[in-house]
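Visitor: Can you keep this structure in mind? I'll have questions shortly.
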Amino acid sequence: MKSATVSPIAGRGSVLLDPMVLICSLIAAASVAIAFSNTFYLTLFTFAVIYLIAAMGMNVLTGYMGIISIAHGALVCVGAYAAAIATVNYGWGFWPATLLATLTGMAFSILLGLPALRLSSWYFVLVTIAFSMVVPSMLVDLRAFTGGYGGVIGVPSPELGPLTGQGGFFIILLAFAAALWWIIANLVGSRFGFALHALRDGTVGAEANGVSSPGMRLFAFAFSGACAGLAGAFYAAAKVVVTPDEFSFEFSILFLFIVVLGGPGRLAGPLFGVLAFFVLPEIMTGLREYRMIVFGLVLLAFSVFMPSGLAGGLHEFLRGRRASRRRAQGAKEAAEAAKAAAGSPVTAAQIEGAALDVDGVSKNFGGLKALDGVSLRVDPGSIHVIVGPNGSGKTTLLNIISGFYPKSAGSIRMDGAELTGRSPVAIAGAGVQRTFQTPKLLGDLTLLQNTCFGAYTRERATGFEIALSLPRARRERTEILAEAHRLLGVVGLQDHADLPASELTHGQQRLAEIARALMAQPRLILLDEPAAGLSMGELDRLGDLLKEVRTLGITLVLVEHHVDLVANVADHVTVLDRGAVLASGTSADVFRNEQVIAAYMGGAK
Ligand code: ADP
Ligand code: MG
């Protein structure tokens with residue numbers, strides 16, 4: 001039996017034995033030892049930890065969610081000035097000023113993020129470039145406030161009880177960085193992290209799973225901006241004097257290097273990035289003058305040889321070694337587990353399936369009538385199959401039911417309530433799950449994580465509870481992991497739980513999508529050609545699985561070509577041809593219908 005309490009981040013086994021965690025701990029310990037050996041290193045590592053705090057925040061936005069921003073350095077600058085002005089000009093203490101800086105960084109980041117909800121990523125990059133060029137010149141212009149070129153002088157250092165002086169400051173910074181690391185680890189291993197990943201691959205998969213893309217994006221902007229503001233306050237204290245020319249364009253680019261080359265979307269990425277692109281060049285002073293040239297060359301080398309960054313490359317190396325060790329010892333166990341789980345029933349609680357009424361639905365794409373007055377009724381808890389030649393409008397109908405396309409005419413009601421006009425997120429929230437003709441799994445998350453993501457709309461723990469790993473969040477995570485393991489057993493993929501989804505075969509990905517859909521405990525599941533690409537064994541399993549899902553009460557609508565499968569599972573079959581219903585009835589009826597046969601042979605006019 002697999003333990004239900006393994007972390008979704010670390011996969012199997014104890015987090016402490018994870019080699020990546022071990023390596024990061026050793027690096028941290030070595031850095032602290034070096035830092036306390038003399039003041040040069042203490043200063044160097046003080047700045048390194050400040051950059052690390054900023055970069056960890058940026059990693060959430062750029063690494064996990066994939067939004068490239070050149071403005072992060074400018075947000076650190078905004079935080080630095082907020083703290084400097086509050087302490088020096090208004091006599092605030094360091095900690096209230098730090099809170100102000102954090103909130104200021106957050107507010108600016110949200111403002112900056114608003115256009116990103118609409119603009120394409122390229123235009124957004126331009127907006128952030130403009131922002132990072134405007135901020136330094138604004139600082140000069142707002143002389144009365146910012147001291148112009150002279151800057152703000154005399155920012156105090158933080159103190160906390162016995163932690164005073166430069167060493168105390170460094171320990172405070174370490175504590176902040178460690179806490180932030182922990183919070184980010186909690187978030188990215190949760191539904192929030194999965195949602196960020198999903199948005200990196202576009203909005204469709206995320207929204208089908210119930211993730212509100214504007215909300216999630218604003219969260220990522222707010223979080224990364226808050227980290228930048230916080231780092232800015234520490235930066236101002238470490239520098240004592242803040243001036244506009246510290247925050248050159250190069251400063252903003254530095255964070256991009258740290259995050260993108262360190263390993264975007266990896267917890268340890270910013271740590272590796274800061275060491276490689278800040279600490280190393282500072283130690284090798286000869287290198288410093290040529291930093292931009294070296295950076296450029298390194299960037300080229302990385303994009304060719306290590307596209308997932310330092311942390312990503314190391315992770316893959318470690319995973320490869322672990323996987324081969326596991327393969328050697330685990331083949332027999334795996335075979336036994338598979339035998340035990342094969343055919344295990346879907347034993348979740350009974351669900352009240354939804355009734356679906358499609359009434360006169362039409363859809364025009366420009367001049368093309370993809371759907372022309374389609375009506376059908378799906379009984380609660382039944383399997384309704386839609387068949388039809390390619391291009392007959394089957395996928396379009398699923399897209400309209402799930403809210404991705406607006407209809408041109410007609411109505412769609414679930415248990416009498418109108419669905420059209422509602423967003424995909426609202427429809428997912430109402431208990432409608434779907435799979436895609438081309439599976440939409442998150443390739444670099446594990447199969448287990450992908451499955452857990454299905455529970456997104458069901459989870460109740462708030463971001464705050466998850467970030468701090470409060471009891472409700474922990475309890476919910478344990479339940480969801482157990483459920484995900486169980487459902488992977490049901491679809492026969494329990495042995496692949498720790499594999500990245502991209503390494504699954506096409507057929508396995510389809511079954512994985514069904515497991516993910518079931519995680520939501522939906523009332524209606526829409527499946528687009530679930531049998532395409534499945535092996536004979538997988539096909540049998542799919543047929544059994546669909547019937548088991550029906551016994552739970554869940555309503556199923558599937559688009560399918562595979563005649564044997566349709567005959568095996570369908571309670572009702574609707575045949576579409578060129579956007580209109582050609583026939584409807586039991587599978588025996590429709591497959592005997594001559595018009596249907598003609599349509600499939602391509603003879604119908
Ligand atoms: P099926 O899934 O039955 O093979 P689709 O629903 O994908 O068919 O497509 C039905 C028709 O609508 C096709 O002619 C297709 O080219 C067209 N179509 C589908 N989606 C779009 C779209 N987003 N824009 C324009 N035409 C589309
Ligand atoms: Mg289709």
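Visitor: All other residues with a Cβ under 10 Å from the Cβ of L371 taken together, and with Lys, Arg as +1 and Asp, Glu as -1, what is their net charge?
Guide: The answer is +4.
Visitor: Moving on. Compute the separation of the alpha-carbon centres of the range 43-103 and the range 250-285 and state it in Å as a whole number.
Guide: Here the answer is 16 Å between Cα centres.
Visitor: For the chain, give the magnitude of the charge dipole about the Cα centre (Cβ charges: +1 Lys/Arg, -1 Asp/Glu; no others), in debye to the nearest 20.
Guide: Its charge dipole is roughly 380 debye.
Visitor: Can you give me the % of accessible surface on the chain that is carbon or sulfur? Probe 1.4 Å, all protein chains present, nothing else counted.
Guide: Details: 15960 of 25420 Å².
Exposed carbon and sulfur together represent 63 percent of the surface.
Visitor: Please sort by residue number the chymotrypsin sites (Phe, Trp or Tyr not before Pro) in the range 217-282 whose DSSP state is loop and whose Cβ has at most 13 other Cβ atoms within 10 Å.
Guide: Answer in residue order: no site qualifies.
Visitor: Moving on. Taking the Cβ of A220 as the centre, find all other residues whose Cβ is under 15 Å away and add up their charges (Lys, Arg: +1; Asp, Glu: -1).
Guide: After counting each charged neighbour, the total is +2.
Visitor: Same structure again: Taking amide H positions as placed in the peptide plane 1.01 Å from N, state which residues far from D577 in sequence (5 or more) or on other chains have amide H under 5 Å from it.
Guide: Sorted by chain and number, the residues that satisfy this are L582.
Visitor: Which ³J(HN,Hα) values, rounded to whole Hz and listed in residue order, are derived for the range 248-258 from phi using the Karplus coefficients 6.51, -1.76 and 1.60 in 6.51 cos²θ - 1.76 cosθ + 1.60 with θ = phi - 60°, glycine and proline given as x?
Guide: Here the 3J(HN,Hα) series is 6, 4, 4, 4, 5, 5, 3, 5, 4, 4, 4 Hz.
Visitor: Here's something else I'd like to know. Could you work out the Rg to Rh ratio of the range 356-600, with Rh taken as the Kirkwood radius (inverse of the mean 1/r over all Cα pairs)?
Guide: Ratio value, two decimals: 0.99.
Visitor: Give me the distance between the Cα centres of the range 428-492 and the range 220-243, rounded to whole Å.
Guide: One Cα centre to the other: 34 Å.
Visitor: Give, in whole angstrom and from largest to smallest, the semi-axes √(5λ) of the equivalent ellipsoid of the range 226-316, with λ running over the eigenvalues of the Cα gyration tensor.
Guide: 24, 17, 11
Visitor: Starting from the residue with the highest accessible area, list I153, I383 in decreasing order, probe 1.4 Å.
Guide: These residues rank, largest area first, as I153, I383.
Visitor: Which FRET efficiency value, to the nearest 0.05, do you get for L300 and Y149 by plugging their Cβ-Cβ distance into 1/(1 + (r/R0)^6) with R0 = 51 Å?
Guide: 0.90
Visitor: Another question, then. Quick query: amide H of A409 versus all other amide H atoms, modeled in the peptide plane; which residues come in under 5 Å with a sequence gap of 5 or more or a different chain?
Guide: Excluding prolines and chain starts, which carry no amide H, the hits are S362.
Visitor: Here's a follow-up. Tell me, what ³J(HN,Hα) does each residue in the range 547-557 have, in order and in whole Hz, if you take phi through Karplus 6.51 cos²θ - 1.76 cosθ + 1.60 with θ = phi - 60° and put x for Gly and Pro?
Guide: 5, 5, 4, 5, 5, 6, x, 5, 7, 10, 10
Visitor: Hey, another quick one. Using the Kirkwood formula on the Cα atoms of the range 345-414, what hydrodynamic radius do you get, in angstrom to one decimal? Let's see the in-between values first.
Guide: Working: mean 1/r = 0.0751 Å⁻¹.
13.3 Å is the Kirkwood radius here.
Visitor: How would you order 364-377, 25-38 from highest to lowest mean count of nearby Cβ atoms within 10 Å?
Guide: Ranking, from highest mean packing down: 364-377, 25-38.
Visitor: Something else about it: Could you put K363, K547 in order of accessible surface area, largest first, with the 1.4 Å probe and the full protein assembly present?
Guide: Solvent-accessible surface, decreasing: K547, K363.
Visitor: By per-residue mean of other Cβ atoms within 10 Å, what is the highest-first order of 54-60, 489-495?
Guide: 54-60, 489-495
Visitor: Enumerate the calculated ³J(HN,Hα) couplings along the range 80-92 in order (Karplus 6.51 cos²θ - 1.76 cosθ + 1.60, θ = phi - 60°), each rounded to whole Hz, writing x wherever the residue is Gly or Pro.
Guide: These are the phi-based 3J(HN,Hα) values: 4, 5, 4, 5, 5, 5, 5, 6, 7, 7, 10, x, 5 Hz.
Visitor: Right, another one. Counting only heavy atoms of the protein chains, get the accessible area per residue of the chain (1.4 Å probe) and round it to a whole Å² value.
Guide: Result: 42 Å² of accessible area for each residue.
Visitor: How many percent of Cα pairs in the chain exceed 30 Å?
Guide: Within the chain, distances greater than 30 Å cover 58 percent of Cα pairs.
Visitor: Can you give the helix-only mean residue ellipticity at 222 nm for the chain, where every DSSP H stretch with n ≥ 4 adds -39500 (n - 2.57) and the sum goes over all residues, rounded to the nearest 500 deg cm²/dmol? Walk me through the intermediate numbers first.
Guide: On the way: 26 runs with 338 residues, N = 605.
Rounded to the nearest 500, the figure is -17500 deg cm²/dmol.
The values are calculated or read from the model by the stated rules, or taken from the named source; none is laboratory data. Just so it is clear, the model here is predicted, and its values are computed rather than measured. Here Cβ is always computed from backbone atoms with ideal geometry, including for glycine, and neighbour counts include all displayed protein chains. For accessibility, only protein heavy atoms count, side chains too; no ligands or nucleic acids. Shrake-Rupley method; radii C 1.70, N 1.55, O 1.52, S 1.80 Å.
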